[in-house]
Ligand SMILES: [Fe+2]
């Protein structure tokens, strides 16, 4: 790997000005606008894959192995989505940027908030991560409406992401269907609510026993 000074001096720049062509049937401007809309999805999914792997390494406590092993197929699936979108950008005539510096510069979200934490805490935080990614994927579907081929790719990916989120959420639902994190809008709050809800369930039998005495 090159030294930092060299990397910053030679970092490739992705720009539609580098794009003299696109796919047949689309104007250059339409094809390049569609490709540009995909760049943020490449960044978001790269970030999601890293975040899921980070959680895979940092979950502890009951249900460790189930959550640890559930995350790897999701990581593989998300990485495959990144590859499809980046190659679609190239197909449309615009060079994709998969570099972490560009990701950090472009993103509108903070780093994931948890390190080592209970499985329930990570699941609660990851649920919010998925919500953000899925909302933005749906918004991107609207943006690429002039190219049904790209639109179809994003629709398929959104369905897969929604299924991955369901796997996460099924751990966080009460039997009535509601999430134990309902209303939490940041990862730490969601994590605390989920862990607190599980602790409350554990304490319930002891309270009933005390009332009998
Ligand atoms: Fe692993």
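Does residue 123 count as within 28 Å of residue 199 (Cα to Cα), within 17 Å of the chain's Cα centre (by Cα), touching a residue at least 40 places away in the same chain (Cβ under 8 Å) and away from the ligand (no atom under 16 Å from the Cβ)?
Details: within 28 Å of residue 199 (Cα to Cα): yes; within 17 Å of the chain's Cα centre (by Cα): yes; touching a residue at least 40 places away in the same chain (Cβ under 8 Å): yes; away from the ligand (no atom under 16 Å from the Cβ): yes.
Yes.
So which of 68, 56 ends up being within 14 Å of the ligand (Cβ to nearest atom), in contact with a strand residue (DSSP E or B) (Cβ under 7 Å, 6 or more places away or on another chain) and within 30 Å of residue 195 (Cα to Cα)?
Going through 68, 56 in turn, just one is within 14 Å of the ligand (Cβ to nearest atom), in contact with a strand residue (DSSP E or B) (Cβ under 7 Å, 6 or more places away or on another chain) and within 30 Å of residue 195 (Cα to Cα): 68.
Please determine whether any residue of segment 121-140 is part of a loop (DSSP other than H, G, I, E, B) and within 19 Å of residue 64 (Cα to Cα). Step through it out loud before you land on a result.
Let us first name the residues in segment 121-140 that are part of a loop (DSSP other than H, G, I, E, B), namely none.
Checked segment 121-140: no residue is part of a loop (DSSP other than H, G, I, E, B) and within 19 Å of residue 64 (Cα to Cα).
Every number here is computed from the coordinates shown, using simple stated rules; none is lab data. This one's a predicted model, so the numbers in the text were calculated from it and none came from an experiment. Neighbour counts run over all protein chains shown; Cβ positions are idealised from the backbone, glycine included.
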